[in-house]
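Nothing in this text is a laboratory measurement; each read-out follows from the coordinates by a stated rule. Here the structure is a predicted model, which means the values were calculated and not measured. Backbone-built Cβ (ideal geometry, glycine too); neighbour counts: all protein chains shown.
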Amino acid sequence: MSYGPVSQCSVCARFVSPWAAGDPSAGQTCEAFPQGIPGEVLDNTLDHRQPVDGDHGVRWLSDGRPYPGESAGEPVEAAAGHDITPGHDELHHWWTKGPGLARWAESPHPWTTLRDQLLEHVPLAAANRMASEWFHEVFGIWSGERKGDNPLGPG
């Protein structure tokens, strides 16, 4: 079963980018397949929302984007439940526009506070990426911008 050109792995919070791991020549891995993701998963022949031999019980988890082949405007399984907000998933919406925003935006170190709270829901690499993108979305500045002279304070 093919879902198109986008691999389900590229929108999975459990995916480990070879560049982020420090070895761009390494094979593609994830929490489910630390020794290498099978080609049938990478090319969407196998839907990893279902069990796949050798995945140690670890399944696909949205990194905030919809599963390949599903529109962001339709209900899709998202990181924290069913997406009912067009273009967003519940986790993203909750932390950037909903009640979760108050849990980190007024903190002395908002990026760090957000990242630490996201770690309760997603792996470290996904939490770092989400915290950076969402910090930028909310404040209009990257957390490390302006060489330490960030008006919002350090991270």
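Some notes on this structure:
- Each of Phe139, Phe15 was scored by other Cβ atoms within 10 Å of its Cβ. Listed from fewest to most, they are Phe139, Phe15.
- Residue order for His93, His56, fewest other beta carbons within 10 angstrom first, comes to His56, His93.
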